[in-house]
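Presented below is the structure to which this report refers.
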Ligand code: HSE
């Protein structure tokens, strides 16, 4: 059998997983790739105790790997965007195919990287960049090729899902769960990328490009994290029959594409509401197939390695064939990609959960329902909690029907101005994901 030489750059959580799984499962992997995949070199600043590289050429300079004339495929697993971009471009300049797990790199520099690869007849593969071990790129790009995609919604950050699940089921503190996620290697080097939704935004942009044949572009995406979520909202949501999940949602509408990441109430009856811990799940609604759901581990060493190695196998098997038979990086040739308007969050239509503290006296609720009625917002459910002893204010929770977000914003402003309402009104978007 022919040999395909790979160079692995980065020996962190994912790099060690790739190294170990490639060695452990080499027989199966080589037979699937129809060649011998050989780890020719590893580039890593330091060793990883989880991985014995004694028999491998290890360079402390990752750029050695991109320049190594023996190497066919450079596997970029260093993360970050600056050095990683330099490394990938150098690898392409030196005629190497590239496999990467780097979502920030693809979301921010993907168009430039794909153009450089295309002009040199090289492949850039990035399955592990979205949803860890779930083959969602392949599903969107190839499995659903017959369809017009209407929308997709996903739990695409394992760390936030792990934190929300632990807070919900065990009442644990946010900071304590985040530390555990870091120890387990789920969290980004800068965990604000996880908890503020930036990591999910990178992944959503990639999936939206594949779903709607748009160039990769982070401009216009709405991003909100989980740091402002209050445990009481998780409890009220449960009372109303909903779970709170941190979702990335993109939808094709007549007015453009919705592109948003935020905490979301989803009905408990919806399968995605039951996706817990570090698991990810992506629901895709498309015209021919209907709704499909892709579920699995969204982070972690070997789950992510599983996707990286699937790409290595794909590239190793394909690279000898004519470039026009390859699946293009974004599923269609670059001339077919079309920029679309990304909708402002104020212009999206959805339902809302709102919570505020109001004086417990006659007439207060009718003032509030009048504000909602004047804004044309229909109320689906309302609950008022008994006030604790000595407290004049009660929590009021309202679930609305679908409305335009700017109407809700105006109503919220009016509610906050009522003398009988204390503090700010909190709101969380609600998605039923049923059509
Ligand atoms: N920090 C990411 C997550 C890793 O928690 O999902 C996988 O991309």
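The values are calculated or read from the model by the stated rules, or taken from the named source; none is laboratory data. Everything numeric here is computed off the predicted structure, so don't read it as measured data. We place every Cβ from the backbone using ideal geometry, glycine too, and count neighbours over all the protein chains shown.
One residue stands out among those in region 120-135 that are away from the ligand (no atom under 12 Å from the Cβ) and in contact with a strand residue (DSSP E or B) (Cβ under 7 Å, 6 or more places away or on another chain): the one that is farthest from residue 94 (Cα to Cα), which is 125.
Residues that are away from the ligand (no atom under 16 Å from the Cβ), crowded, with 23+ Cβ neighbours inside 10 Å and assigned to a helix (DSSP H, G or I) occur in region 211-231; there is at least one.
Just checking, does region 242-263 include any residue being in contact with a strand residue (DSSP E or B) (Cβ under 9 Å, 6 or more places away or on another chain) and assigned to a helix (DSSP H, G or I)? No: zero hits.
Does residue 375 count as modelled with pLDDT of 95 or more and not assigned by TED's automatic domain parsing to the domain that holds residue 225? Judged against the criteria, residue 375 is a match. Based on this model, can you work out whether residue 255 counts as in the same structural domain as residue 156 (by TED's automatic domain parsing) and within 19 Å of residue 149 (Cβ to Cβ)? The answer is yes for residue 255.
Strands (runs of 3 or more DSSP E) fully within region 66-181 that include at least 1 residues being over 30 Å from residue 267 (Cα atoms): 73-76, 97-100.
Being within 16 Å of the ligand (Cβ to nearest atom) and either within 21 Å of residue 398 (Cα to Cα) or surrounded by 18 or more Cβ atoms within 10 Å (Cβ to Cβ) (or both) is the requirement here; does residue 278 meet it? In short, yes.
For residues that are within 15 Å of the ligand (Cβ to nearest atom) and either without any contact (Cβ under 8 Å) to a residue 40 or more places away in the chain or more than 23 Å from residue 201 (Cα to Cα) (or both), scanning just region 167-186, find the one that is surrounded by the fewest Cβ atoms within 10 Å (Cβ to Cβ). Among them, the one singled out is 183. Given the structure, is residue 344 farther than 27 Å from residue 144 by Cβ, more than 16 Å from the ligand (Cβ to nearest atom), surrounded by 14 or more Cβ atoms within 10 Å (Cβ to Cβ) and under 21 Å from the mean Cα position of the chain (by Cα)? Answer is yes for this residue. Exactly one residue out of 337, 418 is under 30 Å from residue 115 (Cβ atoms), surrounded by 15 or more Cβ atoms within 10 Å (Cβ to Cβ) and in contact with a helix residue (DSSP H, G or I) (Cβ under 9 Å, 6 or more places away or on another chain), and it is 337.
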